[in-house]
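Quick notes on the structure that follows.
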Amino acid sequence: MARVWVAKRGLHCVLNVGTYRDSEFREARAWGVMLADMARHLSDALVAAGLETSSASALDEIRDTMARELRSPTSEATGGFKQTKQ
């Protein structure tokens with residue numbers, strides 16, 4: 001559903017929206033579940049890499065930082081969206 005990378009000091013991403021178009025599952029909810037799963041995997045990976053000592057505290061920091069960033073972004077989102085036919 002997402003490809004994300006950093007290049008030239010900026011975030012770049014490709015988002016595949018519409019996967020749940022013909023489903024009872026709302027797309028926004030699906031993205032919320034995916035982002036939560038990614039945060040849990042990331043917190044575990046940070047511990048495995050020796051960059052954090054606790055998955056729980058790493059997840060708390062990810063969650064807190066994400067909430068702050070959503071309230072007050074440190075940079076503007078730029079770019080556009082191209083609709084593909086399904």
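Side notes on the structure shown:
- Apportionment of accessible area to carbon and sulfur, the chain, percent (1.4 Å): 55 percent
- The chain: most fluctuating residue of Leu35, Leu70, Leu59 per GNM, C-alpha cutoff 10 Å: Leu70
- Summing +1 for each Lys or Arg and -1 for each Asp or Glu among the other residues whose beta-carbon sits under 14 angstrom from that of Arg40 gives -4.
- Sorting 38-48, 73-83, 11-21 by their mean Cβ neighbour count within 10 Å, with the most densely packed peptide first, gives 38-48, 11-21, 73-83.
- Among Asp64, Asp37, Asp22: highest mean-square fluctuation, GNM of the chain, C-alpha pairs under 10 Å: Asp22
- Estimated from helices alone, the mean residue ellipticity of the chain at 222 nm is -15500 deg cm²/dmol (sum of -39500 (n - 2.57) over DSSP H runs with n ≥ 4, per residue).
- Shape call, region 1-41: gyration tensor on alpha carbons, a/c limit 1.5: oblate
- Accessible surface computed residue by residue for the chain, with neighbouring protein chains in place and a 1.4 Å probe, gives 89 Å² per residue.
- Here the contact order of the chain, divided by its residue count and restricted to Cα pairs under 8 Å and six or more residues apart, works out to 13 percent.
- Here the chain is treated with +1 on each Lys and Arg Cβ and -1 on each Asp and Glu Cβ, and its dipole about the Cα centre works out to around 460 debye.
- Given charges at Cβ of Lys, Arg, Asp, Glu: the chain dipole, positive-most of Thr74, Met34, Val17: Val17
The values are calculated or read from the model by the stated rules, or taken from the named source; none is laboratory data. As the structure is a computational prediction, the values presented were derived from the model and not from experiment. Because the Cβ atoms are built from the backbone with ideal geometry, glycine has one as well, and the counts that use them run over all protein chains shown. Ligands, DNA and RNA are excluded from the accessible area calculation, which covers all protein heavy atoms including side chains. Shrake-Rupley method; radii C 1.70, N 1.55, O 1.52, S 1.80 Å.
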